[in-house]
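Everything below concerns the one structure shown next.
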Amino acid sequence: MQNLNVDNGNAVNTAANHPAPPHEQIRVIEDRASGLKAVIAIHSTALGPAAGGCRRWKYASMQQAIDDAKRLSTGMTYKNALAGVGFGGGKSVIMADSNVKPTALQLQKFASCLNQLDGRYITAEDVGMGVEQMLSMAQHTKFVSGIGIGGIGGDPSPKTAQGVFIGLEAAAQYQFGIDSLQGLRVVVQGLGNVGFALCERLAGAGVSLFVCDLDIRRVRLAEHKFGAQAVSLERVLSTEADIFVPCALGGVITEAVAETLPVAMVAGAANNQLANENSGKILLQRGVQYVPDFVLNAGGVISIAHEYHVTGNAGVEAGLGEKWVRDRISEIPQRAISILEVARNTGCTPDAVARRQALEIVCAATQSRPLHAA
Ligand code: NAI
């Protein structure tokens, strides 16, 4: 296991000029025996153990995997800070074809790397890694969540979909001055664990649903179950609609896409939807409302945090229970609206406003942390 950065967790910039603080630690794993190639990125532990899912994806190079892990873990710092779940930000990625299951040996090796980090990073499900893989790793490490011990927690996707739905609904009411989503044209990109569950809620709310996925079977199922209309991969970013809902991978809103996307709002589950900061500025200039992904999609990590704290890995926290999960998720709409409101009043992008608010929380925790704390 290769350590690229030494721990520099106390070196946090102020939120006033708000660049993200540097990563505390990047671990690169290349294990010949199992064939495991992975990266664990710990962005910040200022608010607690760095938590974030493990993604399996066919990256073209190790550098791409490192870059993605760094981007995703930074987003987790923002998400976890705003959601108030007692976690810092981290993420891991495994270089592999997500259609091919990982071997037991690879999962065991990954679990042993988590043990070496001794709780500084907590993993869970993400694209290409489900409950089955978490359960397998849990045989070798306690630093995993999203496995559903004793009926608590489990797959975070339904909670993510719930949070995205109520946040999207509130944002649409705010933006369009409407009472319900009934009749709005909504395009959903990605019909995986979150996207499909979200479609069920959107269809129930009476939207006119347009869907797209690499896997045509999922598209057919959404057509059948929700009366959705299929959109091809080529047309998904040029389909006129009220709301575009990214639920596949990140980076979908490039500058070119931001210039032309024919919608009034972007609000979805995918992490890191904006390819860069300028994409957000272009959306703002065009009057397209962007609801920050890490604000909307926090339902899953709220469930993960509840499970992790309650099932004893981190000790039971007083007062934590299903009500805690419900209360935290029910805060998502109000948080989204207040960020959109500040953005409207200041002329900043909602993404910049949300990041600044999150970094203020991280900075405050860092400054109150004893010097040289782990
Ligand atoms: P998933 O792996 O279950 O589903 C992703 C879906 O997107 C798959 O059906 C895949 O075929 C499709 N897809 C990939 N590239 C595509 C493309 N270019 N065009 C159309 N479809 C494409 O993943 P999951 O769990 O549903 O997550 C979706 C997104 O939400 C990811 O970005 C993930 O990081 C994010 N997220 C997920 C959470 C969870 O609780 N599962 C929590 C927070 C964020």
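Taken together, the values in this text are just the output of simple stated rules run on the coordinates, not laboratory data. Source: prediction; values computed, not measured. Note: ideal-geometry Cβ built from the backbone for every residue, glycine included; neighbour counts use all protein chains shown.
Things to note:
- In this structure, the residue pairs whose Cα-Cα separation is over 30 Å, taken from 91/225; 101/323; 91/323, are 91/225; 101/323.
- For the stretch 213-279 versus the stretch 57-105, the gap between their alpha-carbon centres in whole angstrom: 21
- Charge tally for residue 124 (other residues, Cβ to Cβ under 14 Å; Lys, Arg +1; Asp, Glu -1): +1.
- Order by protection proxy (mean Cβ within 10 Å, highest first), peptides 43-56, 148-161: 43-56, 148-161
- Packing order of peptides 25-35, 208-218, highest average first: 208-218, 25-35 (average count of other Cβ atoms within 10 Å over each peptide's residues).
- Cα gyration tensor category, rounded, prolate or oblate, for the stretch 172-312 with a/c compared to 1.5: rounded
- 3J(HN,Hα) from dihedral phi, the stretch 76-89, Karplus parametrisation 6.51/-1.76/1.60, rounded to Hz, x for glycine, proline: 5, 4, 5, 4, 5, 5, 5, 6, x, 9, x, 10, x, x
- The chain: antiparallel DSSP beta bridges as a percent of all, rounded to 5: 40
- Each principal axis of the Cα cloud of the chain was taken in turn, and the coordinate range along them, longest first, works out to 52, 46, 42 Å.
- Remark: the chain carries a charge dipole of roughly 360 debye about the Cα centre, counting +1 on each Lys and Arg Cβ and -1 on each Asp and Glu Cβ.
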